[in-house]
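Visitor: The structure under discussion is supplied below as structure tokens; questions concerning it will follow.
A short reminder: the numbers here are calculations on the coordinates, not readings from a lab. Bear in mind the structure is a predicted one, so any value in this text is a computation, not a measurement. Glycine gets a Cβ as well: all are built from the backbone with ideal geometry, and neighbour counts include every protein chain shown.
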Amino acid sequence: MSAPTIPMTVCKSSNIAAHGYDPASRTLAVQFSNGGLYHYHEVPAEVAASFAQAESVGKFFSTQVRSQFKHTAIQQLTPN
């Protein structure tokens, strides 16, 4: 099964560069500032909306997404 193509929105965060959500597959896409792109699966629309509207998307991600949902690495981190 291939990963869905998810439109991304750039955000102001020191750790997260952009994010997007596909309601059909309930997939939250998170692009990190270091180049890693991950898809988080079975994320409810309410959680994705709260993430997108959070005052700090980095803090919200750390507490509400990172360890709560299974994920797939779409693009690995860029080595330095």
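Visitor: List the GluC sites (Glu not before Pro) within the chain that fall in a DSSP loop (any state other than H, G, I, E or B) and whose Cβ has at most 10 other Cβ atoms within 10 Å.
Guide: Details: sites: E42, E46, E55; in loops: E42, E55.
Filter output for the chain: E55.
Visitor: Something else: In Å, the Kirkwood hydrodynamic radius of the chain over pairs of distinct alpha carbons? Show your work: numbers first, answer last.
Guide: On the way: mean 1/r = 0.0799 Å⁻¹.
Computed over Cα pairs of the chain, the Kirkwood hydrodynamic radius comes out at 12.5 Å.
Visitor: How many nm is it between the label spots at A24 and Q64, if each spot is 7 Å from the Cα in line with the beta carbon?
Guide: My value for the distance between the label points is 2.6 nm.
Visitor: Taking loop as defined by DSSP and a crowding limit of 16 other beta carbons within 10 Å, which trypsin sites (Lys or Arg not before Pro) in region 30-80 fit?
Guide: Working: sites: K59, R66, K70; in loops: R66, K70.
Hits after loop and neighbour filter: R66, K70.
Visitor: With each pseudo-label sitting 7 Å past Cα toward Cβ, what's the M8-A45 distance in nm, one decimal?
Guide: For M8 paired with A45, the spin-label model returns 2.5 nm.
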